[in-house]
Structures are given as structure tokens and as C-alpha cells.
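First the structure, in the form of C-alpha cells, and then the observations on it.
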């Protein structure tokens, strides 16, 4: 339960229900600000660069990338795992906190879920294009075909991955949409322009707010929450089996599934923090996204950072303890020292050390510091994926197949394109969708407002 | 067929709840309650229960059986492939796909059920007794004809309970 006397009120500024609707819908009603247009323009340019890179990849082939026979997985898989990780937190945030009945989720879940949907969309592009002939991508579906019928290999983690990512995208998008239906109805009922009324009315699916609807809405959200919690854990475990079920040194490890899940939630929460700070600043939502919201995220980050540090230490310890020369080589000669030492230490410092600054209340309270640290975590998590993929592949069992890997401009363009796609998606979300779940915030308003009379009683007797 | 309805508007959740309590005590039938967010007491007062969890379980069960059966049929019976001498019935590795697709089945089927049961779907024509109910008002609606036999001044009672507005108008049957 949320103890208002202890933790302060969840929503500041003595709001009433009408004010909540007005405040949250305001960005939709107001004209598009200049910074929005500028940011959208830049993101479109980035996206264009990505589209060109994809066009070249598709028309010429994977040979335009820097990948080779040894390092067959390059930036694409790094970026795929990175985006999926970011996409993880939205659902993790929303679902775990829903099941645990954490009331502070209400101001943040909508943006976190939006982030999930866009990030998973970005992630899904990479393996699709990495398969080579994108026009034959449908071969991965087990459908009655004219090739035998030759079915797909259900024992392959790559197939599991395909299933997991598509299911995750579908489920998180429908969970997100389902939560927005009442808010679309709020916009519809307040809209003065006919076009807006018709558009939001269509998306509101005839929602009226009757008890019949709310009853089912509540039951369904708990059912979906409970069931999607399993998915959050399983999706990234499945991503980790892409690596863990192989025999490459540094990958062949049982720690991978939990390590990937925690890492995903870590990077996702960091991205939630980045996003919430931006929303709060640009749209002046400090009454809804309060300091204590950001404080709570910072505390979760410091805790997960400790788990990450422990996981890194465990991997290194096991490499030594296993007595395997190859594991020893990978960790001590190719990660901690050697060609890729910079990437290794960037990962450790960004993920395990820098977030420890959140132990200090001053750092947690400072928006600038929190913002910078959240960016560092995202960089660190990118380096973590680089470490796992490139260091293990570039120097495997046979020194004759050792090689180095450098991305080409096409690969970099593809990544920048997805960054543009993400930013554009988030900007569209800012403008056309209520960024905070209106009905949910209203639902917790009374229960979490500090009543002046209660306040007096709660003091020392 | 349209019928005469009494629409009472409340500003506060507490006042709505106490009004519900009073009205029910007198044996008056409430046609529907509209709130800006889910109010559990109001849902309970309407005497409805949801069996979503049971439905979700059944969807999940059916989904799991169907997925496993499909995997077995394709990989073991229809076209067994030798992957390095491993058994074709690789049951443990079927589980991963089964779990994910079961969750997908539950989600999609539950959403569909929700759409059907709560009658929430694109292009639905709906009756909203008061447009402010998704903003900041709590609306309780009574069908006049249903309560015609009860000799009580309902409007007076609602005013006493703190209804800020009481509107009488003809509405289509509330779905």
C-alpha cells in the first residue's frame, strides 16, 4: 500500500478531476511547439539515413556490412538486443508495479509502455534484415508450404526468438492500447472540433465509463498483467538462449537468462528515467511526475546496478573457476585486457559503478545528474552487448579464424535510422496520445492526497 | 424504445457512494452508474461479477494443448527431421514456444472477450447520459418506469444526498 503520511502525496498541487483531464490533454489541444517540429525534422533525417542503409543492404546484400565469417553477428544483433532491452522496461514497469499494486506507477506507465512498443518495433527490424533475403522472411512461419511441407526447426533459439519478439510486440501494443481506451473517451467528450471528436471517438471504441465496462476493464487488466509478467521474463531469457545454447567461449553459460532479463530491465528503467525527465521538463508535468517518482526509479536503478555488478563478477569468477583455457582467455585476455578492454571497462563503469552515485540523496534529487546517469546506463548497456557479441566471436577456439570487426557506414546508418524512428515515435506519442493515464491518475488521486487534518494526527503524539 | 430516465450528477465519489447505499436501501433499481475511473463500490452495487480469470484459464488451456499438438504433429509425424541424431520429439524445447504462444492466445482471446462482453468495439453507437462522466462527474441513472411502483420522492432523496444536478430526459435503452 502507498503510505501517504510517510511518502507524501503522489500528485501535487491540490488537483481536482477536471484539472487532471485538462493538464494531461493540454499538449494535444495546443498547437505544435517549435522544438517538436525541429526534433521531428532531425529524427526524420536520421530515419532517412536508416532507410537508405536498409535499401543498400536489401539491394546489394549483407556484404555491405562489416560482418565476416568469424564475427557473423555485428552491430545488428548488438542493436537488436539493446532495443529489446529498452523495450523491456515498459512492460516490466507497468506490469510488475500493477501486480504489486504500486500506485506510483500511474503517472509513468503510459509513457513506459509507449516506449516499449516503439523500441520493440525498432528491434524487430534487425533480425528481419539480418536474415538476408527479407522478401523470404515469411519462411520462418510454420505454414503448410510447397517445400515438403518442410516445417521450421522448433529446437532453434532463433525460431523461439522470432515467436517471442512477435508475441511481445503484439501483446505490449494491445495492452498499451487497451489502457488508452478510457482516455480517448475523455478526449472525445471534451473535444470541440468535429474532426477530433470523430477521430478520438473512433479510437475510444464507444467507451462510456459505465460499471459494466469498468468491471471488465479491471478484471482484464489484472489478467493481462499477470500473464504478461511471465512474458517479460521469458522474452529476454529466450533472447539470451540465442547465445547461451551455443558453444562459443563467454556465451556458454547458465547465468545468461537472468543476467539478460535484469540487464534489460536495467536499460529500460534508465530509458524510462530519461524519457520522464524530458516529459516533465518540456510539458511541465512536475505535479504528476514528482521528485518522489524519479527518486523511486533511481532507487530501483541502484539496486539493479548492484545485480549487474554481481553478474559481471560472477562471470569472471566462473571463467577462472571452470579451469577452461578458452573461458580464461576470453575474459582475461580479450575483455579485461586486450583489444576490447575499452568496451569492457566502459560497460563495467557505466553499469556497475556510475549508478552507485544514486546512493546519495543529492544526486537522486538533481534532475541533471539523474538524466546524465540514465544516459550513461544506456551507453553502458550498449557496450555490454558489444562485449558479449564481438569479443567472443572475434577470437574463438581457432587462432586461424581470429579477426577484428568494424562496422561499415551502412550498419551505422541502420542504427541511426532506428534511433530516428524511436525519437519520431516518441514525439508522435507526445503530441497525439495522453502521456499520462488520465483515468488511472484520477483513481489514485483521493487515496494518495495528503489531507491536512490527517497530517496533524500522524505527527508525534 | 426510448424511455424516461432520471440522471443524477455527483461531484464527489463519497457522495455517490452514500447515495447508492441509500437508494439501494429503499429498494430502488439503478439503471447504470458512470464514473471517470473504476470505483469498486459502484461496480459491486450494480451486483455484477466478472469471470474473466476462468475464461483466461480456459483460453490458456486450449491454447497450450493446441500449440503442443501442432508442434508434435509437424515435427514428429508429418515431416520428422534428423537434427544431429536428436530425438524428433524434443519435448523440452517445444515448451518455450508453447509458453509464449499460450500467453499470446490468452491475451488476444481475452481482449476479444472483453470487446464482446463489455461491448467496446470500433464504430459502436452508444448512449452517454452525461458527457462529463469521463471527465469529473459521477453519474447515476434510473429508469423511471422500472421504479414506478416505489412510492418515494427519488429526486428529493438524490438532492438530499448531494446530487448537484438532476436531469430528466428520454434515453435509448442503456447497453
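The values are calculated or read from the model by the stated rules, or taken from the named source; none is laboratory data. Owing to the predicted nature of the structure, the values given are computational and were not obtained by experimental measurement. Because the Cβ atoms are built from the backbone with ideal geometry, glycine has one as well, and the counts that use them run over all protein chains shown.
Side notes on the structure shown:
- For region A:137-161, the tally of residues that are outside any loop (DSSP other than H, G, I, E, B), free of Cβ contacts under 8 Å to residues at least 40 places away in the same chain and more than 10 Å from chain B (Cβ to nearest Cβ) stands at 4.
- Residue that is farthest from residue B:133 (Cα to Cα) [pool: residues in region A:211-236 that are within 7 Å of chain B (Cβ to nearest Cβ) and either surrounded by fewer than 20 Cβ atoms within 10 Å (Cβ to Cβ) or in contact with a strand residue (DSSP E or B) (Cβ under 8 Å, 6 or more places away or on another chain) (or both)]: A:230
- Residue list for region B:122-157, filter: touching a residue at least 12 places away in the same chain (Cβ under 8 Å), surrounded by fewer than 16 Cβ atoms within 10 Å (Cβ to Cβ) and not in a loop (DSSP other than H, G, I, E, B): B:145, B:146, B:155
- Residues of region B:1-18 classified as more than 23 Å from the chain's Cα centre (by Cα) and part of a helix (DSSP H, G or I), total: 2
- The number of residues in region A:317-332 that are surrounded by 14 or more Cβ atoms within 10 Å (Cβ to Cβ) and either part of a helix (DSSP H, G or I) or at positive phi (or both) comes to 9.
- So residue B:86, is it closer than 30 Å to residue A:161 by Cβ, without any contact (Cβ under 8 Å) to a residue 40 or more places away in the chain and surrounded by fewer than 20 Cβ atoms within 10 Å (Cβ to Cβ): yes
- Residue A:183 vs. criteria touching a helix residue (DSSP H, G or I) at 6+ places or on another chain (Cβ under 6 Å), more than 7 Å from chain B (Cβ to nearest Cβ) and not in a loop (DSSP other than H, G, I, E, B): yes
- Top-ranked residue of region A:188-205 - restricted to ones that are part of a helix (DSSP H, G or I) and within 9 Å of chain B (Cβ to nearest Cβ), ranked as farthest from residue B:119 (Cα to Cα): A:190
- Residues located in region B:158-175, provided they are within 20 Å of residue B:18 (Cα to Cα), touching a helix residue (DSSP H, G or I) at 6+ places or on another chain (Cβ under 9 Å) and not in a loop (DSSP other than H, G, I, E, B): B:158, B:160, B:166
Okay, residues lined up against (1) part of a helix (DSSP H, G or I); (2) under 30 Å from residue B:5 (Cβ atoms); (3) out of contact with any helix residue (DSSP H, G or I) (no Cβ under 8 Å at 6 or more places or on another chain); (4) not assigned by TED's automatic domain parsing to the domain that holds residue B:162:
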{"site": "B:22", "(1), (2), (3), (4)": "yes, yes, no, no"}
{"site": "B:28", "(1), (2), (3), (4)": "no, yes, no, no"}
{"site": "B:33", "(1), (2), (3), (4)": "no, yes, no, no"}
{"site": "B:37", "(1), (2), (3), (4)": "no, yes, no, no"}
{"site": "B:41", "(1), (2), (3), (4)": "yes, yes, no, no"}
{"site": "B:70", "(1), (2), (3), (4)": "yes, no, yes, yes"}
{"site": "B:75", "(1), (2), (3), (4)": "yes, no, no, yes"}
{"site": "B:89", "(1), (2), (3), (4)": "no, no, no, yes"}
{"site": "B:103", "(1), (2), (3), (4)": "yes, no, no, yes"}
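- Any hit, region A:393-406, residues being in a helix (DSSP H, G or I) and touching a helix residue (DSSP H, G or I) at 6+ places or on another chain (Cβ under 8 Å): no
- When residues of region A:81-108 are limited to those that are buried (at least 24 other Cβ atoms within 10 Å of the Cβ) and more than 10 Å from the chain's Cα centre (by Cα), the one modelled with the highest pLDDT: A:81
- Check on residue A:298, assigned to a helix (DSSP H, G or I) and touching a residue at least 12 places away in the same chain (Cβ under 8 Å): yes
- Among the candidates A:254, A:208, residue that is touching a strand residue (DSSP E or B) at 6+ places or on another chain (Cβ under 7 Å) and either crowded, with 22+ Cβ neighbours inside 10 Å or more than 9 Å from chain B (Cβ to nearest Cβ) (or both): A:208
- Of all residues making up region B:103-112, the number that are within 8 Å of chain A (Cβ to nearest Cβ) and either in contact (Cβ under 8 Å) with a residue 24 or more places away in the chain or surrounded by 22 or more Cβ atoms within 10 Å (Cβ to Cβ) (or both): 5
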